[in-house]
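Below is one structure, written out as structure tokens, with a few remarks after it.
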Amino acid sequence: MKVLIVQENGHHEANKNFRECFSLQRAFRHHNHEADVWGNLHDNYNITPDFNSYDIIINLENYSLGWIPDLSDISSPYKIIWSIDAHCRGTQVYDDMFASGKYNLLLHSTRDFVKGKHSAWFPNAYDDDLICRRSDVDKQHFIGFCGNYVKRKHLLDRITQKYDMKSDIFVIGDDMVNAINSYRIHFNKNMSNDVNYRSFETLGAGTALITNYNEQYSALGFEEDKNCFMYKNDSELFDKLEHLQNNPELVARVSDSGMEFAKKHTYKVRVESLLTFLENML
């Protein structure tokens with residue numbers, strides 16, 4: 001297979017290697033497929049690809065849409081949108097792109113957004129070439145958070161007040177991996193009814209995840225007290241944190257089993273699943 005992955009290059013130098021397009025490219029190459037990346041701000045952006053030469057074109061661009069090429073007349077058998085941030089923007093922009101005839105498959109990272117026979121659930125993942133447990137980083141913090149404040153600040157403030165949580169706000173790239181590795185527990189609260197990147201990245205780094213529950217976690221194989229910790233409300237969150245602070249052996253055991261479980265949710269596994277799905281679709 002010859003694959004083209006379309007996404008704008010990152011604006012932050014520290015995070016460029018962590019862009020989804022490069023993670024997906026590495027995964028396709030791992031499975032011995034030719035994979036190119038193209039889009040705004042990439043070095044090759046001024047060279048228009050021969051779109052018809054690709055078997056699969058995957059559009060990962062979820063924000064800067066003004067430069068997206070019109071693929072209506074492109075003959076590639078698979079023209080795919082992977083909506084990775086619809087929980088932030090809503091689905092209309094992707095529905096409109098699909099309806100325009102440019103694409104023939106719409107993948108959503110959030111299951112609730114799937115509708116119609118040309119739409120499918122395709123969850124987020126993590127890049128095991130970049131994210132792993134680092135033996136040279138001491139897990140010195142009982143609990144930490146690496147991310148942004150959006151829809152989480154009230155809980156972050158309460159956790160920090162009670163447990164002196166380590167907060168790494170807007171820390172990205174390799175520094176993010178080091179930060180997550182320094183926590184024994186990584187706090188998460190999804191912005192919507194989804195399973196965000198942090199959930200997979202945390203497990204991949206060998207850190208215990210505590211996250212707000214929704215049914216998609218169960219569908220993906222997340223299990224309470226086995227490979228993660230989950231809460232359904234604020235009160236339950238603080239009850240669990242109190243319990244976990246007094247049971248470090250449980251935290252360590254769940255960290256280890258979570259890291260093993262995360263191997264089912266790498267980009268390499270997602271690519272394998274996608275290729276099987278496309279074969280069945282054809």
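None of the figures in this text is laboratory data; all of them are computed from the coordinates on show. Here the structure is a predicted model, which is why all the values come from computation and not from measurement. In this analysis, Cβ positions are derived from the backbone assuming ideal geometry, glycine residues included, and neighbour counts consider all displayed protein chains.
Is there a quick way to get the dipole size of the chain? I mean about its Cα centre, with the Cβ of Lys and Arg at +1 and of Asp and Glu at -1; what is the value in debye to the nearest 20? Could you put the intermediate results ahead of the total?
Details: 31 positive and 40 negative charges, 94 e Å.
For this selection, approximately 440 debye.
How much net charge surrounds His42 when only other residues with a Cβ under 13 Å from its Cβ are counted (Lys, Arg +1; Asp, Glu -1)?
Spelling it out: positives minus negatives among the neighbours equals -2.
Taking +1 at the Cβ of each Lys and Arg and -1 at the Cβ of each Asp and Glu, which of Leu65, Asn44, Phe28 sits farthest along the dipole of the range 26-71 towards its positive end, judged by Cα position relative to the Cα centre?
Most positive-ward Cα: Phe28.
Quick check for me: using +1 on Lys/Arg Cβ and -1 on Asp/Glu Cβ, what's the dipole size of the range 64-177 about its Cα centre, in debye to the nearest 20?
Here the size comes out at about 560 debye.
Provide Rg and Dmax in Å for the range 44-177, with only Cα atoms included in the calculation.
So, for the range 44-177, Rg and Dmax equal 19.7, 58 Å respectively.
Kindly provide the helix-only [θ] at 222 nm of the chain, computed as the sum of -39,500 (n - 2.57) over DSSP H runs of four or more divided by all residues, to the nearest 500 deg cm²/dmol?
Calculated at 222 nm, the ellipticity per residue is -10000 deg cm²/dmol.
Report the relative contact order of the range 141-265, percent, no decimals, based on alpha-carbon pairs under 8 angstrom and at least 6 residues apart.
Numbers: 182 pairs, mean separation 30.0, N = 125.
In percent, rounded to a whole number, it is 24.
Which one of Ser257, Met165, Asn246 is farthest out on the positive end of the charge dipole of the range 141-265, using unit charges on Cβ (Lys, Arg +1; Asp, Glu -1) and the Cα centre as origin?
The residue sitting most towards the positive pole is Met165.
Send over the semi-axes of the chain's equivalent ellipsoid, whole angstrom and largest first, taken as the square roots of 5 times the C-alpha gyration tensor eigenvalues. It would help to have the intermediate numbers written out before the result.
Working: eigenvalues 245, 71, 61 Å².
So the three semi-axes of the chain are 35, 19, 18 Å.
Give me Thr202, Thr266 ranked fewest to most by other Cβ atoms within 10 Å of their Cβ, as a rough exposure proxy.
Working: Thr202 31, Thr266 21.
By the 10 Å Cβ count, ascending: Thr266, Thr202.
Along the charge dipole of the chain, pointing to its positive end and built from +1/-1 on Cβ of Lys, Arg, Asp and Glu, which listed residue (Met191, His11, Ile74) has its Cα farthest out?
With unit charges placed on the Cβ atoms, the residue in question is Met191.
Quick one: helix 234-245 against the long Cα principal axis of the chain, what's the angle to the nearest 10°, folded into 0 to 90?
Tilt of helix 234-245: around 60 degrees.
Please rank His11, His31, fewest neighbouring Cβ atoms within 10 Å first, as an exposure proxy. Can you show the working numbers first?
On the way: His11 9, His31 13.
Result, fewest neighbours first: His11, His31.
Could you pull out the pairs from Lys79/Lys115; Lys16/Lys264; Lys117/Lys189; Lys166/Lys240; Lys2/Lys268 whose alpha carbons sit more than 22 Å apart here? List each step's numbers first, then the result.
Numbers: Lys79/Lys115 18 Å; Lys16/Lys264 24 Å; Lys117/Lys189 31 Å; Lys166/Lys240 18 Å; Lys2/Lys268 16 Å.
Flagged as over cut-off: Lys16/Lys264; Lys117/Lys189.
What size of dipole, in debye to the nearest 20, comes out for the range 141-265 about its Cα centre when the only charges are +1 on Lys and Arg C-beta atoms and -1 on Asp and Glu C-beta atoms? Before the final figure, lay out each step's value.
Details: 15 positive and 18 negative charges, 44 e Å.
Around 220 debye, computed over the range 141-265.
How far is helix 153-163 tilted off the main Cα axis of the chain, in degrees rounded to 10, range 0 to 90?
That works out to roughly 30 degrees.
Can you put Phe142, Phe222 in order, fewest other beta carbons within 10 Å first?
Values: Phe142 17, Phe222 22.
By the 10 Å Cβ count, ascending, the order reads Phe142, Phe222.
Only bridges with both residues in the chain count here: give the DSSP antiparallel percent, nearest 5.
Working: 0 of 36 bridges.
Restricted to the chain, the bridges split so that about 0 percent are antiparallel.
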